[in-house]
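The values are calculated or read from the model by the stated rules, or taken from the named source; none is laboratory data. The structure presented is a predicted model; accordingly, all values stated were derived computationally and were not measured. Every residue, glycine among them, receives a Cβ derived from its backbone with ideal geometry; neighbour counts consider all protein chains shown. Ligands, DNA and RNA are excluded from the accessible area calculation, which covers all protein heavy atoms including side chains. Shrake-Rupley method; radii C 1.70, N 1.55, O 1.52, S 1.80 Å.
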Amino acid sequence: MQATRQYAQQADANDTLRSFRQAFYFPQFKGRDVLYFCGNSLGLQPKTALSYLMQEMEDWKNLGVEGHFQGRNPWFEYHKFVSPKAARLVGAKEVEVVVMNNLTVNLHLMLISFYRPTAQRYKIMVEGGAFPSDYYAVESQLRLHGFSPETAMVELEPRAGEHTLRTEDILAAIEKEGDSLALVLLGGVNYYTGQFFDLKRITEKAHQVGAKAGYDLAHAAGNVPLSLHEWQVDFAVWCTYKYLNSGAGGTSGVFVHEKYAQDPTLHRLAGWWGYDESKRFQMQKGFIPMQGAAGWQLSNAQILPMALHWASLEIFEQAGMDRLRQKSLALTAYTEFLVQQFNQEQDKIRIQIITPAEKEARGCQLSLVVAQKGKDLHQFLTENGVIADWREPDVIRIAPVPLYNSFEDVYDFYQLLQQYTQS
Ligand SMILES: *Cc1c(COP(=O)(O)O)cnc(C)c1O
């Protein structure tokens, strides 16, 4: 790798996915595209999104309630157009995935079903520094069952002087909690450090001690390769507005392993849309769930957010997660290389990358700790057309997204870092 514009341009010329950049709208800065590194927070708008939305608006306009059955994509079964594509994206069978609600809502629905504590086995293990909504969901679920977070929530912490967790330490902690552990609940990719956990081995170990394994894949879906079915994950949830580019507050995905698909006795909060669809409109008492993840639906499908999600999933199907991952590894490696290059060139500021260096242990995001003047640097970048986010106390997160970021974007970012030290 070389820290030259020519090298970056050559890498872009060799990139078989480069045309996908044209499929998205970029916010503008002084007449050009911003350097957008915030796809981990809100993905860009696909140019096709509006037409997906308009189609449903027109069917509503022209058909009214008949849109449920007469629409071009009948709303009655709308989740079926979207869920299979979402399933492919996370390495799941169709029966295992449904798109519905929002992430934290779905996390609660899953916890109701999969956190069934006893006096013996009641603890939930989370990663220290989990996303706040995950903490709140866990705290409130523990209290709902009469436990206190102080004693029933186990937090994994990195070793002294380290920023991320070692797999061996996670496995040892699970082993140690043993039969007091009811559930391991991790962010598949931690939102702060960008660490991608070894979900296969963690799931295996959780099952060995008799616990369930569930994951919040907000930062993993559309970012890293997932094989939820094969890894025997019990459940997972994710949002669709980050790497999945489906619009602010967009809908969410849920995975429930096939082994629970035929189990109507599993406790769940029920609603009419989870009811066996062949008999749904008989409007009977006595809940009979749909098979699989679809049986966790409560309400009729949110057509408009799901239309946006559909538009984005089509793009993922065309690009392919394998090719995206390949590009992502190269693009993030190049970003890392340029940051290291920058550190060597000057001694005004030092940027420490706290995201793991091993490619299996990260997605596209790099979390940069800027010990001094971090906020000042972030401000400078913002004023110069970079969209990247700042997380207290000292982290700038940048996510070069393989769908729409280029090697030259990353090179431009590097040049701005250089300009900052000269300013
Ligand atoms: C973004 C994110 C959320 C957001 O939850 P919503 O219910 O979509 O608002 C939750 N958990 C994690 C890990 C996240 O990264």
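Here are a few things to note about the model shown:
- Given (1) outside any helix (DSSP H, G or I); (2) at pLDDT 95 or above; (3) open to solvent by 10 Å² or more (accessible area, probe 1.4 Å), index of the condition GLU139 fails: (1)
- In the range 186-220, residue nearest to the ligand (Cβ to nearest atom) [restricted to those that are open to solvent by less than 10 Å² (accessible area, probe 1.4 Å) and among the hydroxyl-bearing types (Ser, Thr, Tyr)]: TYR215
- Scope the range 375-391; condition open to solvent by 40 Å² or more (accessible area, probe 1.4 Å), over 21 Å from the mean Cα position of the chain (by Cα) and either closer than 24 Å to LEU226 by Cβ or of a type outside the set (S, T, N, Q) (or both); matching residues: LYS375, ASP376, GLU383
- Only residues that are of a type in the set (A, V, I, L, M, F, W, C), buried (at least 17 other Cβ atoms within 10 Å of the Cβ) and in a strand (DSSP E or B) were counted across the range 9-37, and they come to 2.
- Residue satisfying all of: in the range 73-106; within 15 Å of the ligand (Cβ to nearest atom) and polar (S, T, N, Q); farthest from the chain's Cα centre (by Cα) among these: ASN101
- Some residue of the range 289-301 being farther than 17 Å from VAL97 by Cα and surrounded by fewer than 16 Cβ atoms within 10 Å (Cβ to Cβ): no
- The residues on offer are LEU183, LEU171, LEU165, LEU109, and the sole one that is within 30 Å of VAL82 (Cβ to Cβ), at pLDDT 95 or above and more than 14 Å from the ligand (Cβ to nearest atom) is LEU183.
- Residues satisfying the criterion are present in the range 64-72 (criterion: of a type outside the set (Gly, Ala, Ser), under 29 Å from ASP276 (Cβ atoms), in a loop (DSSP other than H, G, I, E, B) and away from the ligand (no atom under 13 Å from the Cβ)).
- Candidate set: the range 112-138, residues that are within 10 Å of the ligand (Cβ to nearest atom) and hydrophobic (A, V, I, L, M, F, W, C); chosen: the one farthest from the chain's Cα centre (by Cα): ALA137
- Scanning the range 117-136 for residues that are farther than 29 Å from THR355 by Cβ and either open to solvent by 40 Å² or more (accessible area, probe 1.4 Å) or part of a strand (DSSP E or B) (or both) yields THR118, ALA119, GLN120, ARG121, TYR122.
- Residues within the range 396-413 that are surrounded by fewer than 20 Cβ atoms within 10 Å (Cβ to Cβ) and over 26 Å from GLN318 (Cβ atoms), tallied: 1
- The one condition in (1) surrounded by 16 or more Cβ atoms within 10 Å (Cβ to Cβ); (2) within 21 Å of LYS93 (Cα to Cα); (3) not hydroxyl-bearing (Ser, Thr, Tyr) that ALA307 fails to fulfil: (2)
Yes/no matrix, rows are residues, columns are (1) in a helix (DSSP H, G or I); (2) touching a strand residue (DSSP E or B) at 6+ places or on another chain (Cβ under 9 Å); (3) open to solvent by 30 Å² or more (accessible area, probe 1.4 Å); (4) not aliphatic (A, V, I, L, M):
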position	(1), (2), (3), (4)
GLN318	yes, no, yes, yes
ASP322	yes, no, yes, yes
GLN326	yes, no, yes, yes
TYR334	yes, no, no, yes
LEU338	yes, no, no, no
ALA357	no, no, yes, no
VAL369	no, yes, no, no
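- Of the residues GLN372, GLN340, GLN365, the single one that is over 17 Å from the mean Cα position of the chain (by Cα) and at pLDDT 95 or above is GLN340.
- Any hit, the range 142-161, residues being open to solvent by less than 10 Å² (accessible area, probe 1.4 Å), within 22 Å of LEU266 (Cβ to Cβ), within 15 Å of the ligand (Cβ to nearest atom) and not basic (Lys, Arg): no
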